[in-house]
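In what follows, a structure is listed as structure tokens, so that the remarks can point back to it.
The values are calculated or read from the model by the stated rules, or taken from the named source; none is laboratory data. In this text, all values refer to a predicted model and were calculated from it rather than measured experimentally. FYI the Cβ positions are ideal-geometry reconstructions off the backbone, even for glycines, and counts take in every protein chain you see. Quick note on the areas: whole protein, heavy atoms, side chains included, nothing else; ligands and nucleic acids left out. Shrake-Rupley method; radii C 1.70, N 1.55, O 1.52, S 1.80 Å.
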Amino acid sequence: QAQLVESGGGLVQAGGSLRLSCAASGRTASRYAMGWFRQAPGKEREFVAAISWSGAMTDYADSVKGRFTISRDNARNTVNLQMNSLRPEDTAVYYCAAKATFGPRTVFVKISEYGDWGQGTQVTVSS
């Protein structure tokens, strides 16, 4: 099981940018697809972005497409989420997740597909 720790959350004004990072540690599988999810107050946790273990394939929720960019640095065991043009509706706790997989272009977008989760980091966007 991978241990995941998110960082980089905070308060930002609408239209601003923020970069989240997720660091993996502990005993991990050889290949992990990674994802970012978020949960706003009173709402279900929802998919934000995903990336294959090779970094060759990414996927985004329609609500963040063109504004957010997911990337990874396998040498550092980190995955990042660059968030630009932030909106108040982006306010949520953001979680990173990991799924061991063989496919270099495989991505996962469902909560149930992931096994390892971080503790979350708060992102607040003021209007």
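Neighbours of K110, meaning other residues whose beta-carbon lies under 15 angstrom from its beta-carbon, give a summed charge of -2 when Lys and Arg score +1 and Asp and Glu score -1.
For the options A56, A98, A75, a Gaussian network treatment of the chain with springs between C-alpha atoms closer than 10 Å singles out A75 as fluctuating the most. The residues neighbouring T58, those whose beta-carbon lies less than 12 Å from its own, together hold a net charge of +2 under the Lys/Arg +1, Asp/Glu -1 convention.
Roughly what % of DSSP beta bridges within the chain run antiparallel, to the nearest 5?
Once the DSSP bridges in the chain are tallied, antiparallel ones form about 90 percent.
Note on the range 1-83: with neighbouring protein chains present and a 1.4 Å probe, carbon and sulfur make up 44 percent of its accessible heavy-atom surface.
For the chain, modelled as a GNM whose springs connect Cα atoms under 10 angstrom apart, the maximal fluctuation among S52, S17, S71 occurs at S17.
For A33, what charge total do you get from the other residues with a beta carbon under 9 Å from its beta carbon, if Lys and Arg give +1 and Asp and Glu give -1?
+1
Remark: relative contact order (the chain) = 37 percent; criterion is Cα-Cα distance under 8 angstrom and separation of 6 or more residues.
A DSSP coil position with no more than 10 other Cβ atoms inside 10 Å describes the following chymotrypsin sites (Phe, Trp or Tyr not before Pro) in the range 36-127: F102. For the chain, a Gaussian network of Cα nodes joined below 10 Å ranks D62, D90, D116 by mean-square fluctuation, and the top entry is D62. Using the 1.4 Å probe convention, the accessible area of the chain works out to 52 Å² per residue with neighbouring protein chains retained.
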